[in-house]
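Each remark here refers to the structure printed beneath this line.
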Amino acid sequence: MPDPLTPTTVLEVAVPAPLMGVFDYLYPPHQTNRLQPGIRVRVPFGRGTRVGLVMGLKATSDLPASRLRRVDAVLDGEPLLPDDLQRLLSWASAYYQHPPGEVFATAIPLGLREGRGLAEGEPAFSLTPAGRCTDDALLKRAPAQWRAFQLLFHSTDPLPASRLESLGPAWRRAIHALIARGWAAETRLAPALEPVPATADVPPELTPDQSRAVVAISRTAGFRCFLLDGVTGSGKTEVYLRCIRERLDAGQQCLVLVPEIGLTPQLLDRFRRRFPVPMAVLHSGLAEGERLRAWTAARDGTARIVIGTRSAIFTPMLQPGLIVVDEEHDASYKQQDGFRYSARDLAVWRARQLGVPLVLGSATPALESVENARSGRYERLVLAERAGTAGQPTVHLIDMRTHQPTDGLTQPLLAAIRRHLDDDGQALIFLNRRGYAPTLVCVGCGTVVGCDRCDARMVLHQQRGRVTCHHCGSDRPAPVACPQCQAELRAIGQGTERLEQALAREFPGHPLERIDRDTTRRRGEIERRLERVRSGEARLLLGTQMLTKGHDFPGVTLVGIIDVDQGLFGTDFRSAERLAQTFIQVAGRAGRADRPGEVWLQTLFPDHPLLRVLLSEGYGAFAARALEERQQAGWPPWSALALVRAEATQRAPVFAFLEEAAASARALVRDRAPAGLKVLGPAPAPMERRAGRYRGQLLLQATARRDLQRLLPEFRTALAGVPSQRRVRWSLDVDPAELF
């Protein structure tokens, strides 16, 4: 029998720990006010303390009173998170089978997770009077402190922590050393957003399709999910802007999700030019102080528009009115580790709970979204024509069996590039493979330089003189000869680095800009490079998939796709869908203004059915056929999936655990006997060894999502009790985006 406790003295607290469920605590001493769900508390946990979130109150606990510990401190006077966000996070924890404490921690900025108060802004630092009188020569043996001192000395106002990050990872240690000497002091900046522009751009005239879409969305009073299916260049962003204007005029806030950080500056600039209102930006590239300021401004209603990447779906808003998910098909909306949620799917749930419209925009909608529109769950709004006078680009296939490439470039493609450059156009060359060459092979014995920790080849990065594994990050000097027979090593295949050299050699008088992960590591670098392209300074643009996501290049009249074949024969059931989306998105960069565009596609398989359908009938026809194939095979959206992944330094423990997991799953399926629920596997991952660890997986597939959801809580509990689970790392991924 549980010990009876005084009514409402037991708090259910979500503590950030890898354990399902919440933890019971007693009220703190001298606490007289009733604590509400959503308030942060500091609690003893293990041998230390953690900041948790109150989830609920109850009269009794299943544990004896003697085993319950008291809350150390109450950190908030009112709930930190609104009710709607608490419900979203609780639902997401149950749906994705992830510990609630970690789920709630995902939604809160780091400073708040550490117990900092909402009123506390970003840390900032300045010199004390003693510091300003100090001779900086005393710091000549401490260069990091000297650089920090110089920054503070030449600033009349306290410098925020985000400005000091330019000093490198040792800046905190240097600043704290100056504080210890009495030469510097820490303060907190009041939460503030960037200045609001004084004027706004005049909106362009809408096309008939845009007008119909704006009217349909703006007239919606409650929840409705719209699939804005518009060809590239059709003006989807303008539809977003008009609908946001309607909501702002009604005194409401709007949340806009984008798939990548790289898209944020361009979209933000356009929004700022249109709306003279405070805006908050949220993405992983922000300093913690910047993130806290933006999060707080959205929560208290100061920020009227919130723009962010995946995790921004958890941003609290005081007066929500509209949610937009741009490029809704993008796989970046699915978190691939830790709390494996889909921001797009959570946007649907959140919009329904808030009673506000949701707009999912894409030129290549996910097949699940296409089916939801066909079945009537979503309302499909079509933008069939490009805005302005721009037409669809002309597509040309280059058969590489007839035209042999040199350094990845065929003569027809080179001739087309030259023609467009001579006509004052810009050319975009797409290759989704960075580095110089993906393979180094010995001409004598055939040895391929591979990764010691993965079942993968090392990629040559010639400019750095290194070979790198793009899967685990292993990096070492490039070998000068074969490690087996000392014969010559030859670089096979092309990456963007090799292609850059070839294009520079072919077109020496035309400035070239390469955009991939290697060239855009520094903060602000992608914006600088993109601006060179938009201004016309760069005539050639070369890059990877970073260029496919929503960028507008008005001067680009030619797009060359170097190697589409690598996506034609993928092992994942979504491979064809991703290839089709990439092709349409890349091709759409050509001919955005009033100049006709061309797309040149190099392939060894010009008669491949997927390419033929895309070229002759478009993405809509491809989607219809792909959905028929999915339905026949029983893949999503005609089934729901959950994937158990396991990894260990040895292969045997992985499959011992997965075999036990499979046996547990099959036993649960037999007991429940739901129709259409299958246990598939276990099987090795497509790349079995990665980063020195062996990987395997087990797939649960159900015809009805509700059957899978009913099974998962019991199945996860069974997994936690499997003896062999202590020897592996394992995770449960509901609605996996990739089977790898």
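The values are calculated or read from the model by the stated rules, or taken from the named source; none is laboratory data. Note that this is a predicted model, so its numbers are computed, not measured. Reconstructed Cβ throughout: ideal geometry from the backbone, glycine too, with neighbour counts over all protein chains shown.
Does GLN725 fit the bill of being assigned to a helix (DSSP H, G or I) and either surrounded by 19 or more Cβ atoms within 10 Å (Cβ to Cβ) or touching an Asp or Glu at 6+ places or on another chain (Cβ under 9 Å) (or both)? The answer is yes for GLN725. For the range 429-440, the set of residues classified as of a type in the set (A, V, I, L, M) and closer than 19 Å to ASP565 by Cβ consists of ILE429, LEU431, ALA437, listed by residue number. Being of a type in the set (A, V, I, L, M, F, W, C), modelled with pLDDT of 90 or more and out of contact with any strand residue (DSSP E or B) (no Cβ under 9 Å at 6 or more places or on another chain) is a property that does not hold for ALA702. Under the condition of being surrounded by fewer than 15 Cβ atoms within 10 Å (Cβ to Cβ) and closer than 17 Å to ARG464 by Cβ, the residues counted in the range 480-500 number 1.
Could you tell me which of the residues GLN145, GLN97, GLN86, GLN150 is closer than 16 Å to VAL13 by Cα and among the polar types (S, T, N, Q)? After applying the criteria, what remains is GLN86.
Report yes if GLY46 is more than 30 Å from GLN353 (Cα to Cα), among the small types (Gly, Ala, Ser) and more than 31 Å from the chain's Cα centre (by Cα), otherwise no. Yes: the conditions hold for GLY46.
Only one entry of PRO736, PRO686 meets the criterion of being outside any helix (DSSP H, G or I) and farther than 20 Å from SER93 by Cβ, and that entry is PRO686. Every test in (1) surrounded by 14 or more Cβ atoms within 10 Å (Cβ to Cβ); (2) closer than 29 Å to LEU318 by Cβ; (3) touching a Pro at 6+ places or on another chain (Cβ under 7 Å) is passed by ALA17 save one, and that test is (2).
Out of LEU708, LEU698, one residue alone is surrounded by 14 or more Cβ atoms within 10 Å (Cβ to Cβ) and assigned to a helix (DSSP H, G or I). It is LEU708.
Inside the range 625-682, residues that are of a type in the set (Phe, Trp, Tyr) and out of contact with any strand residue (DSSP E or B) (no Cβ under 9 Å at 6 or more places or on another chain) make up a count of 1.
Exactly one residue among THR571, THR582 is assigned to a loop (DSSP other than H, G, I, E, B), on the phi < 0 side of the Ramachandran plot and β-branched (Val, Ile, Thr), and that residue is THR571. Count of the range 87-125 residues, restricted to those that are over 22 Å from the mean Cα position of the chain (by Cα), modelled with pLDDT of 85 or more and within 27 Å of ALA287 (Cβ to Cβ), is 4. Of the helices (runs of 4 or more DSSP H) lying entirely inside the range 1-115, not one is found with 2 or more residues being in contact with an Asp or Glu (Cβ under 8 Å, 6 or more places away or on another chain) and farther than 26 Å from ARG340 by Cα.
The rows are residues; the columns are (1) touching a residue at least 24 places away in the same chain (Cβ under 8 Å); (2) surrounded by fewer than 21 Cβ atoms within 10 Å (Cβ to Cβ); (3) among the small types (Gly, Ala, Ser).
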{"residue": "VAL359", "(1), (2), (3)": "yes, no, no"}
{"residue": "ALA366", "(1), (2), (3)": "yes, no, yes"}
{"residue": "SER375", "(1), (2), (3)": "no, yes, yes"}
{"residue": "GLU379", "(1), (2), (3)": "yes, yes, no"}
{"residue": "GLN392", "(1), (2), (3)": "yes, yes, no"}
{"residue": "ASP407", "(1), (2), (3)": "yes, yes, no"}
{"residue": "LEU413", "(1), (2), (3)": "yes, no, no"}
{"residue": "LEU428", "(1), (2), (3)": "yes, no, no"}
{"residue": "GLY444", "(1), (2), (3)": "yes, yes, yes"}
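LEU227 - would you say it is in the same structural domain as TYR378 (by TED's automatic domain parsing) and modelled with pLDDT of 95 or more? Spelling it out, LEU227 is indeed in the same structural domain as TYR378 (by TED's automatic domain parsing) and modelled with pLDDT of 95 or more.
Selection of the range 450-473 for residues being closer than 14 Å to GLY493 by Cα and modelled with pLDDT under 90 yields only GLN462. When the test is whether a residue is under 26 Å from THR309 (Cα atoms) and touching a residue at least 24 places away in the same chain (Cβ under 8 Å), GLY115 passes it. Restricting attention to the range 248-263, does a residue exist that is in the same structural domain as GLU371 (by TED's automatic domain parsing), more than 30 Å from ARG116 (Cα to Cα), at pLDDT 85 or above and of a type in the set (D, E, K, R)? Checked against the condition, which is being in the same structural domain as GLU371 (by TED's automatic domain parsing), more than 30 Å from ARG116 (Cα to Cα), at pLDDT 85 or above and of a type in the set (D, E, K, R), the range 248-263 yields at least one hit. Filtering the range 501-547 to residues that are touching a residue at least 40 places away in the same chain (Cβ under 8 Å), buried (at least 16 other Cβ atoms within 10 Å of the Cβ) and either under 19 Å from ASP269 (Cα atoms) or among the charged types (D, E, K, R) (or both) leaves ASP516, ASP518, ILE526, LEU530, VAL533, ARG539, MET546, LEU547. In the range 411-422, the condition of being in the same structural domain as ALA504 (by TED's automatic domain parsing), touching a His at 6+ places or on another chain (Cβ under 7 Å) and not hydrophobic (A, V, I, L, M, F, W, C) is met by at least one residue. Taken over the range 462-493, the criterion of being in a strand (DSSP E or B) and charged (D, E, K, R) is satisfied by ARG466, ASP475, ARG476, ARG490. Considering GLU513, GLU527, the condition of being under 25 Å from the mean Cα position of the chain (by Cα), acidic (Asp, Glu) and modelled with pLDDT of 85 or more is satisfied by GLU513 alone. Comparison of ARG147, ARG163 shows that the only residue that is touching a residue at least 12 places away in the same chain (Cβ under 8 Å), under 34 Å from the mean Cα position of the chain (by Cα) and part of a helix (DSSP H, G or I) is ARG163. The single condition from (1) within 22 Å of the chain's Cα centre (by Cα); (2) at pLDDT 90 or above; (3) crowded, with 24+ Cβ neighbours inside 10 Å that PHE339 fails is (3). Applying a threshold of 8 Å to beta carbon distances and a minimum spacing of six or more residues, or different chains, the list of pairs starting in the range 13-34 at a residue that is more than 21 Å from SER90 (Cα to Cα) and ending at one that is β-branched (Val, Ile, Thr) and not in a loop (DSSP other than H, G, I, E, B) reads LEU26/VAL10; PRO28/VAL41; PRO28/VAL74; GLN31/VAL74. Considering every residue within the range 30-42, establish whether at least one is in contact with a Ser or Thr (Cβ under 7 Å, 6 or more places away or on another chain), surrounded by 16 or more Cβ atoms within 10 Å (Cβ to Cβ) and at pLDDT 90 or above. Yes - at least one qualifying residue is present in the range 30-42.
Just checking, does the range 459-468 include any residue being over 26 Å from the mean Cα position of the chain (by Cα) and among the charged types (D, E, K, R)? Checking the range 459-468: at least one residue is over 26 Å from the mean Cα position of the chain (by Cα) and among the charged types (D, E, K, R).
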